[in-house]
Amino acid sequence: MANSVIMIEWARNNEPTHSSRDEFIWHQLLLSLLYDEVLAQDETVIISKRMAKWFSTPSDFETLTKVAECGGLSLLKRPLHRYPREFHDRALIQPVRARREYLEKFSVDNQGQPVRFTDHQLLFQERLEVLLRDRPSIHRFAGERRSPGANIMSEFASLLREVLTDTRYQAWLTHSFPQLTPVEASEFVQAMESPDQLVDRLRAHDLVIADRFSDPHFTPVFDTATAMQLAATFPGPVAAEFQELVETVFARPYCQEEGSDGRYGRKLRDLPLVSEIGDDGRLNELHVVQIKTTILHLPKPSTDMPGIINSMREKPSGRRLRRTMRRLGLDPTYESATQAWRDVADDLASTLASTDLKEITIKTLVAESPRGVVYGVLAGLAAAPLAGHGSPSILETGIGAGLGSGLDVLGNLFGRSIKYGIKRNQVTDPLRRAVQFSCVPHPVVAPKATG
């Protein structure tokens, strides 16, 4: 089975969280070395203003095309059964247009305003439509791999209700979302459970999403769009925290449905298990056991870079690295993962003739948690969620997704030293000090190819 990661953090603001186009390209291409699939929700890409700006010209969009072709980005489309019937044909033939028109008709932004698109976004969407038409391998409907009878929105609503009502989550809610008092939580749950009360509340705040409940072609469900707008009916700071909580809760069943890791970070935290939460609401401490380092030399992001990565993915060393990532935790010494990275680095060095290369530091981490040993990889701007050893699967624990992906980028990748630190919601100072490291990009001379 393919190993995959979802750029789940992007969903918080429907934007990639990278600060620049080059950082975005680096990140996606490095992740493509670690995973068979690097996935993003179609809504995030279609709504994104940053991507429309970064890839606004034909040549820039061609770079994005190459990133997608080498596994750096694939789209998860809205499932067909979640569209009104009149959208079905269009969603099959023109998935970008269908998603845009659905968003315009049925969705609003976090401020309750109708979703509208600029000319730059529309042009980007047109190019994206052609890309998906010509390359069917880089997109698929979300949920195609789920178990028969599974209902992600039902699971989401049930989990959200549990988080808001289960006393075991109360300390964590108070610590992580201080604006969400038990009174507001109870008010939210009451509206969730009463469709009439929910619709009245949405209409009282002039939220157009309420119109979905009177559309004869649409079967209303308590989904994330409805939850986000219910959150918007609360005062500003409370609304913002409810909306972040909605995204936090939804991320778990969404990733589980795809059998994928989740890429979290500063914009979106992962939902902890009850067993991870201390009495004070903070997450239980992790202790670093060992860290190993590998150096990777890569050229600057350019139109050639995706082709280089794609050829690397098809080499035996590239395949072995992704295979190793699927088996994280089976090797307690982590030698297989470290060796796989070294083999990839050697193959890249023998392939590249450029003298304008950048040095990327790869860190492999082993840490102990209250539920066993966890493993992870940090690769420059890329972070691979950890795999648990002697504990439930990573998608159930949520441990690795938060620990391995909370990279704090404190500088510009090109031009000065950068320090990265792992930050898992509230991480302990010893852990932060133990895994902090520097990546100092500087020109290096590539060895000449031999043989």
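The values are calculated or read from the model by the stated rules, or taken from the named source; none is laboratory data. The model shown is predicted, which means the values in this text are computed figures rather than measured ones. Quick reminder, even Gly has a Cβ in these numbers, built from the backbone with ideal geometry, and neighbours come from all protein chains shown.
Remarks
- Meets criteria (modelled with pLDDT under 75 and within 25 Å of the chain's Cα centre (by Cα)) for residue 324: no
- Residue under evaluation residue 56, criteria (1) surrounded by 20 or more Cβ atoms within 10 Å (Cβ to Cβ); (2) not in a helix (DSSP H, G or I), criterion not met: (1)
- Summed over the stretch 100-116, the residues that are of a type in the set (Phe, Trp, Tyr) and free of Cβ contacts under 8 Å to residues at least 40 places away in the same chain give a count of 1.
- As for the stretch 87-99, it holds at least one residue that is surrounded by fewer than 19 Cβ atoms within 10 Å (Cβ to Cβ), hydrophobic (A, V, I, L, M, F, W, C) and in contact (Cβ under 8 Å) with a residue 12 or more places away in the chain.
- Figure legend. Inter-residue proximity from the stretch 55-71: first residues on the phi > 0 side of the Ramachandran plot, second residues surrounded by 21 or more Cβ atoms within 10 Å (Cβ to Cβ), beta-carbon distance below 6 Å, spacing 6+ or different chains. Indicated pairs: 71/32.
Quick grid of which residues meet (1) touching an Asp or Glu at 6+ places or on another chain (Cβ under 7 Å); (2) at pLDDT 90 or above; (3) of a type in the set (A, V, I, L, M):
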site	(1), (2), (3)
136	no, yes, no
139	no, yes, no
147	no, no, no
160	no, yes, yes
170	no, yes, no
174	no, yes, no
189	no, yes, yes
197	no, no, no
225	no, no, yes
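- Selection status of residue 4, crowded, with 18+ Cβ neighbours inside 10 Å and closer than 30 Å to residue 230 by Cβ: no
- Where a residue in the stretch 323-343 is surrounded by 16 or more Cβ atoms within 10 Å (Cβ to Cβ) and its partner, wherever it lies, is of a type in the set (Lys, Arg) and at pLDDT 75 or above, with Cβ under 6 Å and at least six apart: 340/320
So that you can scan it fast, the table gives a plain yes or no per residue for (1) closer than 29 Å to residue 154 by Cβ; (2) touching a strand residue (DSSP E or B) at 6+ places or on another chain (Cβ under 9 Å):
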residue	(1), (2)
26	no, yes
43	yes, no
55	no, no
70	no, no
74	yes, yes
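- The condition (being surrounded by 13 or more Cβ atoms within 10 Å (Cβ to Cβ), in contact with a Gly (Cβ under 6 Å, 6 or more places away or on another chain) and of a type outside the set (Lys, Arg)) is satisfied by just one residue among 181, 174, 165: 174.
- Residue check, residue 279 among the acidic types (Asp, Glu), outside the structural domain of residue 201 (by TED's automatic domain parsing), surrounded by 20 or more Cβ atoms within 10 Å (Cβ to Cβ) and not in a helix (DSSP H, G or I): no
- Checked against (1) out of contact with any strand residue (DSSP E or B) (no Cβ under 9 Å at 6 or more places or on another chain); (2) over 26 Å from residue 236 (Cβ atoms); (3) assigned by TED's automatic domain parsing to the domain that holds residue 204, residue 146 passes all but condition (3).
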